[in-house]
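Here the structure is laid out as structure tokens; the discussion comes afterwards.
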Amino acid sequence: MSEKITLSHGSGGRQTQALIRDHFAARFGMNGPMTDSALLSLPSSLIAFTTDSYVIDPLFFPGGNIGKLAVCGTVNDLAVSGAEPKYLSAAFIIEEGFEMDQLDTIISSMADEAEKAGVRIVTGDTKVVEKGQCDRIFINTAGVGVLSEELMHISSGSSVREGDRLIINGPPGDHAVTILASRRNLSFDSPMTSDCASLNHLIRKVVEKPAAVHFMRDLTRGGLAAVLNELAAMTRHGITIEESSVPVEEAVRGLCEILGFDPLTLASEGRVLVLAAAEEAEGIVERMHTDPLGRGAAIIGTIGAGREGRVILKSSTGGSRFLDMPSGQLLPRIC
């Protein structure tokens, strides 16, 4: 009996990594490190090129909608690779009967976010399918950015070394909890809003000293835990995270305690992990604090010796445990 695709293959955890490595990467001849953008050499410059598809449910949520998410997601994949995002494409698959007013709202959100990020949507495509052939609307965006040679190392993690500090720009998991709350009509004392945002302007402040930044990745499916484990496997370094240093919103923490989730495995759409030289980390955090999208920035851990390829979480009670790659499906269709 042949293997079948399951929901776990799209969760951002072990099954996703195996699918990418053993099927797509092997067949397409992708022999290098799996990064958020393909680095393409041109006669006059180096570019970063990325693509992503968006199938979120619900389409509209506090802090954004599928259109804003599509622009932010692609801009961020370029920016965390060290590139300056320039151009996007946008392709739509729309179900018959979808309301034109809702489509106009989505399009306007995309245009507004692109303008805010300083990028242009320059090409696209639209397909309409019969009712029941897709869930209202799906969007694919691709993006191109310009990459300087002094930032080429960021995607691969080739400059990571012992003693480097790990920095996050704000609390993880807000997006996933906001989506869950919107689906289930949950309410909180302080209303939850998705962290969905384009991070390229913030990242420009982070990379003012290019050699000081050794790695970046945005925290989407699989959350902080997935990115940390990808980094540990990529570099073969051990990583130590101080749980008390990771900022988590009380609403996120509370819902996770009720449902048995780990906030470090929940998706964000406006959070970035930055790995920086120890002597530059405090300065990077200070620069991040001057930006609205970096006011919650904090140093959360260190690249250390021993435990090669593993992530250690030091709890606030003094104990330690392995923080493993997420496995299985937590929340479907969050992006």
So which pairs qualify, if the first residue must be in the stretch 94-115 and over 15 Å from ILE139 (Cα atoms) and without any contact (Cβ under 8 Å) to a residue 40 or more places away in the chain, the second must be among the acidic types (Asp, Glu) and in a helix (DSSP H, G or I), the Cβ gap must be under 6 Å, and the two must be at least 6 apart or on different chains?
none
Checking ALA233, ALA267, ALA297, ALA226 in turn, the sole residue that is farther than 26 Å from GLY64 by Cα and either of a type in the set (Lys, Arg) or under 19 Å from the mean Cα position of the chain (by Cα) (or both) turns out to be ALA233
Working only within the stretch 255-301, note down all residues that are part of a strand (DSSP E or B) and farther than 22 Å from HIS175 by Cα.
LEU275, ALA276, GLY301
Where LEU39 falls short, out of the listed (1) over 29 Å from GLN17 (Cα atoms); (2) in contact (Cβ under 8 Å) with a residue 60 or more places away in the chain; (3) surrounded by fewer than 19 Cβ atoms within 10 Å (Cβ to Cβ)
(1)
Here the residues within the stretch 114-135 that are modelled with pLDDT of 90 or more, of a type in the set (D, E, K, R) and more than 24 Å from the chain's Cα centre (by Cα) are LYS127
Consider only pairs whose beta carbons are under 6 Å apart and that are at least six residues apart or on different chains; among these, list those whose first residue lies in the stretch 311-335 and is closer than 19 Å to VAL227 by Cα and whose second residue is polar (S, T, N, Q) and outside any loop (DSSP other than H, G, I, E, B).
VAL311/ASN229; ILE312/THR240; ILE312/SER320; LYS314/SER320; MET325/ASN229; PRO326/THR265; GLY328/SER8; GLN329/SER8
Considering residues that are without any contact (Cβ under 8 Å) to a residue 12 or more places away in the chain and on the phi < 0 side of the Ramachandran plot, the number found within the stretch 255-278 is 3
From GLU115, GLU130, grab the single residue that is over 23 Å from ILE334 (Cβ atoms), surrounded by 12 or more Cβ atoms within 10 Å (Cβ to Cβ), outside the structural domain of LEU202 (by TED's automatic domain parsing) and charged (D, E, K, R).
GLU115
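The values are calculated or read from the model by the stated rules, or taken from the named source; none is laboratory data. Predicted model, so just to flag it, every value in this text is computed and none were measured. Because the Cβ atoms are built from the backbone with ideal geometry, glycine has one as well, and the counts that use them run over all protein chains shown.
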